[in-house]
Amino acid sequence: MGLTKQYLRYIPAGNFNIIASSTCNVVFVTLESQEGRFIAVGACEHIIIWDLRLGEKAQVLSGEKSAATSICASPNKRHLAVGYADGNIQVFDLRSTDVLNVFSGHKNEITKLVYDQFGHKLASGSKDSEIIVWDTVAEVGLCRLSGHKGPITNLNFMMKMNVLISSSKDTFVKFWDLDTKHCFRTLTGHRSEVWSTVLMKDDQYLVTGCSDAELKVWKLSIKHENIDPLVNLSTKLELAAMDDNDDILHPLQCHKVGTLLRSGRGRVVSMCGESSGQLLGCHGTDGLIELFHFLPDDEAQTRLKKRLKKQRKKELKEKKEMEVDVEPSHDESIILSLRDEVKRLKSVNLSSKPKSLDLLLGKGGELRIAVCLNNNIVELHMLNTSIKECESKCLRSISSQGHHSEVRAVTFSSDNLAVTSGSGESIKMWNRPSQTCLRTVETGYILSLTFAPGDRHVLAGCKDGKLLIIDIASSDILEEIPAHTQELWSVCLTPDLRGCVTGGGDQTVKFWQFELIVDQKNETSAKVLSLIHSRTLKLEDSVLCVKLSQNGKFLAVALLDSTVKIFFVDTFKFYLSLYGHKLPVLTMDISSDSTLIATGSADRNVKIWGMDFGDCHKSIFAHDDSITGLQFVPRTHYFFTCGKDGKVKQWDADSFNKVITLQGHVGEAYGLAVSPNGKFVVSCGSDRVLRLYEKSDQPLVLEDEEEMEREEQEQLLSGEKTVVKGHSDLNLPSKKTIGSERAAESILECLTICEQYRQQLAEHEALQAASSQVIPAPVPPLIMQAYKVTTVEDFILETIRRIRSSDLEEALLILPFASVCELVQLLPTLVGRGDDIELICKISVFLLKLHHSPIIANHTLLATLEKLQKLTQNKLQEFRDMVGYNFFGLQFLQGEIEKSEGMQLFRDATIEKQKTNKKRKQREKLKRSLVVLNS
């Protein structure tokens, strides 16, 4: 059956108005070898890297459909790990913006990502209360850690031990030994959710933040061997602070040493430690960032001596009768406390509530603080920690490139080049091709927008009932007209472009005429645009939406009583009443030929009516929540809708079919606009993103779109957990995905094709042996030709190479045991080739671990296993020898080149390392001199 009707696809053409999502954290990143200049923030599904020196976007790391919820920069500053709301993790290369790795293991939103000190491991925590440790080099999951009963809030790798510390909303902090993959200690001293944890001062202290006004500080100490456990405790105070549940036999000891009192209000929203472990920043639910400085041991000793000296002076002053200064005998037993080791710095006051922060300590004690605010603003503050009582100052604030509240209305200009958006505090004009902000006008709460004829002015309806006339060129409000006494919900132009119509919550519809009047504010005689009230239509209920037909005959008014009434424009005589919606109609539009009217209601239905008799042609259940926007494409019967479910959909009003569901908003969608030429659509929503869609030349088939949507909804029919017989407690870090299922299908298809091709080759050999003439060899299957391989072994290797590393284990899990046996029999041949020896060994070990008992019980495979063992040992030894030979050979060549040419290879890296070593030696020398002075 051929295509009866062909549609053209609308594709995403860009997102703008978003500076930083409040649901994702902010981190400093290094680009062009510059630190402290670039920050990465989440912008719904994308990651934006802002250049704080220029105030512009440096890079955009594109995501797919789910919003980014957590980001983390690698220690080498080259990669950025991004966690999404669907549980997936992507690792980007900051230089090329390519996706290097994709990890799928969580069922829910990623809440925290953290790298270890070398960048070889990546730990991820999720709302599903699971923790997964990933190997970023091998691109596989190492282990899944289960034990928490609530969403994970923070993760920390220890530098001195292979230990991971996790916190959760279940009020517990757990210590995980990554060698044995089990939890060996749980801190239970918190009475509310643990919102954040930070390791300070080279893993000596663990700071935890809860819902109270205190930050709890825990001392971490490592017990060395051949030393009594009690002797290893540093002080009697630490011994007294130990819990009864602590295991003193474990090398890592943890006990509470005190608290840091916060001055901010509310719970701890986020905490961040500087990379050196000296500085700690935290904030609550107010606009205050508190900073704490964990001093080095020598400075802490100096503070302790000063404190003891003041204490002695105070004692002498109180005891004037004592003439001889007798030093207390307990000086030797007095130890450092938090009041000596922690110094409070000046707090940073912000203009709004912060959502996340990141710290970077530069040269000379300059501390840079990147803050993401909840009103779509990013700020960079600077504080000099080397100067006493130094106040912080704001170096850069990125605020003009987006609204600071939710966008409620959008509209296109008549030339399709400009887009105007209105929010709770301002109106912004955007250039559609470049998606940059051209003008900003501070206003009240905007509910409706439209361009005046000529595109030089904008009419805006406000929540207080005022109608604003805004001059775009001067970014000034020419006139505030008190049009209605309550909300002005709708404003639209008349077909003759000589006036406009407004509808408000005061149960009136008013007609206005454009007039040019002399500006009394200006001394010149120049005239400005104004509106003169001409007529008023009073109704019995509040007006929610007003539309005029293009032929100028009819006025459609949506009322709060869930009906739509149509009047004649010239006489206001009642014409039709459209009733059928169960809840009020929030939006509607009339087609260009004035034959159809489509209404969208809070009852989630779209109804298509005829303008001739008012009959309902079709009622469509369009969205999963209230429909907030609806507009026809000019000169067609296609229309777009958006709803509070965040989706944007295109419909055909003639065939009543849904054409396509576009990638919508994260949260609610509040409105949309279609350009006059019908090639562009823009929508706004609660995620503060203006999403632009463009009409492409790609044809669209309804059946294909329905099939794609069905596949997305039914991604995993058998569940996310793969069940293997004999392994009921199998807890792999990966999960079953569409990619792993397709990978398993490709392996099965490969094995089937290989078997058929082998049979063809065997038949050819038999025929050739029986015949004296040369018989042409069979042609390889088409898929082998597509892969550009000619042998079975090459085909199997190419098929496995094309499987993503994170999907390989799950794909091998799905394979039936018969296919596993076929694959095991092919392994010796693949190992003997010497190609991809690491990949083949990985598959061999995994399959043998998973199916050990049935494979051993199969006598036909014993000879294969023995052969595989010998070959694997030999090939691995050859591979190891080759790597070692190449490594030392390159070192020898480097030395020879440097000696002969008198130049140093990798000079930049060597100079950087020498600078680091020089700084470290200077610090050690300074410490030694301070110790000598103190003694």
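Can you tell me which residue in the stretch 281-302 is surrounded by the fewest Cβ atoms within 10 Å (Cβ to Cβ), limited to those that are under 24 Å from the mean Cα position of the chain (by Cα) and in contact (Cβ under 8 Å) with a residue 24 or more places away in the chain?
Thr285
This table checks each residue for (1) in a strand (DSSP E or B); (2) crowded, with 23+ Cβ neighbours inside 10 Å; (3) not basic (Lys, Arg).
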residue: Leu113; (1), (2), (3): yes, yes, yes
residue: Gly119; (1), (2), (3): no, no, yes
residue: Asp179; (1), (2), (3): no, no, yes
residue: Phe184; (1), (2), (3): yes, no, yes
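May I ask you to list the residues in the stretch 38-81 that are out of contact with any Gly (no Cβ under 9 Å at 6 or more places or on another chain) and polar (S, T, N, Q)?
Gln59, Ser62
Write out, first by first residue and then by second, each pair whose Cβ atoms fall under 9 Å of each other, whose residues are 6+ apart or on separate chains, and whose first residue, in the stretch 859-888, is on the phi < 0 side of the Ramachandran plot while the second is of a type in the set (Ser, Thr, Tyr).
Going by the 9 Å Cβ cut-off, the qualifying pairs are Leu868/Ser844; Thr872/Ser844.
Here are Gly895, Gly884: which of them is farther than 30 Å from Val845 by Cα and at pLDDT 70 or above? Write out each step before concluding.
Working: Gly884 fails: farther than 30 Å from Val845 by Cα.
Within the list Gly895, Gly884, the selection yields Gly895.
Just one of (1) part of a helix (DSSP H, G or I); (2) crowded, with 17+ Cβ neighbours inside 10 Å trips up Lys849, so point out which.
Just one mismatch for Lys849, condition (2).
Just to be sure before I move on: is Gly643 in contact (Cβ under 8 Å) with a residue 24 or more places away in the chain and touching a His at 6+ places or on another chain (Cβ under 7 Å) in the structure I sent?
Yes, satisfied.
Report yes if some residue within the stretch 636-647 is surrounded by fewer than 24 Cβ atoms within 10 Å (Cβ to Cβ), more than 23 Å from the chain's Cα centre (by Cα) and of a type in the set (Asp, Glu); otherwise report no.
No, there is no match, as no residue in the stretch 636-647 is surrounded by fewer than 24 Cβ atoms within 10 Å (Cβ to Cβ), more than 23 Å from the chain's Cα centre (by Cα) and of a type in the set (Asp, Glu).
Could you look through the stretch 761-803, keep only residues that are of a type in the set (S, T, N, Q) and in a helix (DSSP H, G or I), and pick out the one that is farthest from Val831 (Cα to Cα)? Outline the logic, then answer.
Within the stretch 761-803, the first condition is being of a type in the set (S, T, N, Q), and the residues that meet it are 768, 771-773, 785, 790-791, 799.
Still in the running and in a helix (DSSP H, G or I): 768, 785, 799.
On the way: Gln768: 30, Gln785: 23, Thr799: 16 Å.
Per the criteria, the residue is Gln768.
Filter the strands (runs of 3 or more DSSP E) completely within the stretch 385-429 down to those with at least 1 residues that are closer than 30 Å to Arg344 by Cα.
Working: elements: 393-398, 409-412, 418-422.
In the stretch 385-429, 393-398 are the strands (runs of 3 or more DSSP E) which contain 1 or more residues that are closer than 30 Å to Arg344 by Cα.
Considering only residues of the stretch 726-769 that are exposed (fewer than 12 other Cβ atoms within 10 Å of the Cβ) and modelled with pLDDT under 85, which is nearest to the chain's Cα centre (by Cα)?
Asp729
Is at least one residue of the stretch 155-168 without any contact (Cβ under 8 Å) to a residue 24 or more places away in the chain and surrounded by fewer than 20 Cβ atoms within 10 Å (Cβ to Cβ)? Talk me through it step by step, then tell me what you get.
Here is the first cut: in the stretch 155-168, the residues without any contact (Cβ under 8 Å) to a residue 24 or more places away in the chain are 162.
So of that shortlist, the ones also surrounded by fewer than 20 Cβ atoms within 10 Å (Cβ to Cβ) come out as 162.
Checking the stretch 155-168: at least one residue is without any contact (Cβ under 8 Å) to a residue 24 or more places away in the chain and surrounded by fewer than 20 Cβ atoms within 10 Å (Cβ to Cβ).
Can you run down the residue pairs with Cβ atoms below 8 Å, 6 or more apart or on separate chains, where the first is in the stretch 393-408 and over 18 Å from Arg688 (Cα atoms) and the partner is assigned to a loop (DSSP other than H, G, I, E, B) and among the small types (Gly, Ala, Ser)?
Listed pairs, sorted by first residue: Arg396/Gly55.
List the pairs whose first member sits in the stretch 790-810 and is without any contact (Cβ under 8 Å) to a residue 60 or more places away in the chain and not assigned by TED's automatic domain parsing to the domain that holds Ala777, whose second member is surrounded by fewer than 20 Cβ atoms within 10 Å (Cβ to Cβ) and not in a loop (DSSP other than H, G, I, E, B), and whose Cβ atoms are under 6 Å apart, counting only residues at least 6 apart or on separate chains?
Between residues of the stretch 790-810 that are without any contact (Cβ under 8 Å) to a residue 60 or more places away in the chain and not assigned by TED's automatic domain parsing to the domain that holds Ala777 and residues that are surrounded by fewer than 20 Cβ atoms within 10 Å (Cβ to Cβ) and not in a loop (DSSP other than H, G, I, E, B), there is no close pair.
Among the residues of the stretch 787-802, is any among the polar types (S, T, N, Q), at pLDDT 90 or above and under 40 Å from the mean Cα position of the chain (by Cα)?
yes
On the basis of being acidic (Asp, Glu) and buried (at least 18 other Cβ atoms within 10 Å of the Cβ), does Asp589 make the cut? I'd like the intermediate steps shown before the answer.
On the way: acidic (Asp, Glu): yes; buried (at least 18 other Cβ atoms within 10 Å of the Cβ): yes.
Considered against the rule, which asks whether it is acidic (Asp, Glu) and buried (at least 18 other Cβ atoms within 10 Å of the Cβ), Asp589 comes out as yes.
Condition check ((1) among the aliphatic types (A, V, I, L, M); (2) in contact with a Lys or Arg (Cβ under 8 Å, 6 or more places away or on another chain)) across all residues:
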residue	(1), (2)
Gly119	no, no
Glu130	no, yes
Cys143	no, yes
Gly147	no, yes
Ile152	yes, yes
Leu155	yes, yes
Ile165	yes, yes
Thr171	no, yes
Asp177	no, no
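Identify all residues within the stretch 523-547 that are surrounded by fewer than 21 Cβ atoms within 10 Å (Cβ to Cβ) and either touching a Ser or Thr at 6+ places or on another chain (Cβ under 8 Å) or acidic (Asp, Glu) (or both); write none if there are none. Walk me through it before giving the result.
Initial filter on the stretch 523-547 (surrounded by fewer than 21 Cβ atoms within 10 Å (Cβ to Cβ)): 523-530, 532-542.
The answer is Glu523, Thr536, Leu537, Lys538, Leu539, Glu540, Asp541.
If only one of Phe632, Phe680, Phe656, Phe639 is at pLDDT below 95 and not acidic (Asp, Glu), which one is it? Spell out how you get there, then give the answer.
Details: Phe632 fails: at pLDDT below 95; Phe680 fails: at pLDDT below 95; Phe639 fails: at pLDDT below 95.
Among Phe632, Phe680, Phe656, Phe639, only Phe656 is at pLDDT below 95 and not acidic (Asp, Glu).
Per-residue answers, yes or no, for (1) polar (S, T, N, Q); (2) at pLDDT 90 or above; (3) under 23 Å from Glu668 (Cα atoms); (4) within 30 Å of the chain's Cα centre (by Cα):
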{"position": "Lys346", "(1), (2), (3), (4)": "no, yes, no, no"}
{"position": "Asn349", "(1), (2), (3), (4)": "yes, yes, no, yes"}
{"position": "Val371", "(1), (2), (3), (4)": "no, yes, no, yes"}
{"position": "Ser405", "(1), (2), (3), (4)": "yes, yes, yes, yes"}
{"position": "Asp415", "(1), (2), (3), (4)": "no, yes, no, no"}
{"position": "Arg439", "(1), (2), (3), (4)": "no, yes, no, yes"}
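Can you find, within the stretch 481-540, the residue that is farthest from Thr628 (Cα to Cα) among those that are touching a Lys or Arg at 6+ places or on another chain (Cβ under 9 Å) and hydroxyl-bearing (Ser, Thr, Tyr)?
The extreme case among them is Ser534.
Out of (1) surrounded by fewer than 20 Cβ atoms within 10 Å (Cβ to Cβ); (2) more than 38 Å from the chain's Cα centre (by Cα); (3) in a loop (DSSP other than H, G, I, E, B); (4) in contact (Cβ under 8 Å) with a residue 24 or more places away in the chain, the odd one out for Gln520 is which?
(4)
For Ser686, only one of the following conditions fails: (1) over 30 Å from Leu576 (Cβ atoms); (2) exposed (fewer than 15 other Cβ atoms within 10 Å of the Cβ). What is its number?
(2)
For the subset of the stretch 803-822 comprising residues that are among the polar types (S, T, N, Q) and more than 17 Å from Gln756 (Cα to Cα), which member is nearest to the chain's Cα centre (by Cα)?
Narrowing the stretch 803-822 to residues among the polar types (S, T, N, Q): 805-806, 819.
Imposing the further condition that a residue be more than 17 Å from Gln756 (Cα to Cα) reduces the set to 805-806.
Details: Ser805: 22, Ser806: 20 Å.
Checking each candidate, the answer is Ser806.
Please specify each residue of the stretch 111-125 satisfying the condition of being more than 16 Å from the chain's Cα centre (by Cα) and basic (Lys, Arg).
Of everything in the stretch 111-125, just one residue is more than 16 Å from the chain's Cα centre (by Cα) and basic (Lys, Arg), namely Lys121.
Could you say whether any residue in the stretch 489-506 is of a type in the set (A, V, I, L, M), touching a residue at least 24 places away in the same chain (Cβ under 8 Å) and surrounded by fewer than 17 Cβ atoms within 10 Å (Cβ to Cβ)?
First, the residues of the stretch 489-506 that are of a type in the set (A, V, I, L, M): 491, 493, 497, 501.
Of the ones still in play, those that are also touching a residue at least 24 places away in the same chain (Cβ under 8 Å) are 491, 493, 497, 501.
Those left that are additionally surrounded by fewer than 17 Cβ atoms within 10 Å (Cβ to Cβ): 497.
Yes.
Being of a type outside the set (Phe, Trp, Tyr) and within 16 Å of Ile427 (Cβ to Cβ) narrows it down to one residue among Leu531, Leu449, Leu539, Leu497; which is it?
On the way: Leu531 fails: within 16 Å of Ile427 (Cβ to Cβ); Leu539 fails: within 16 Å of Ile427 (Cβ to Cβ); Leu497 fails: within 16 Å of Ile427 (Cβ to Cβ).
Going through Leu531, Leu449, Leu539, Leu497 in turn, the sole match is Leu449.
Please state which one of Leu847, Leu827 is closer than 17 Å to Arg758 by Cβ and assigned by TED's automatic domain parsing to the domain that holds Cys754.
Numbers: Leu847 fails: closer than 17 Å to Arg758 by Cβ.
Leu827 is the lone residue from the list that is closer than 17 Å to Arg758 by Cβ and assigned by TED's automatic domain parsing to the domain that holds Cys754.
The values are calculated or read from the model by the stated rules, or taken from the named source; none is laboratory data. On a predicted model such as this, the values are computed, not experimentally measured, just so you know. Using ideal geometry, Cβ is built from the backbone for each residue, glycine included, and neighbour counts are taken over all protein chains shown.
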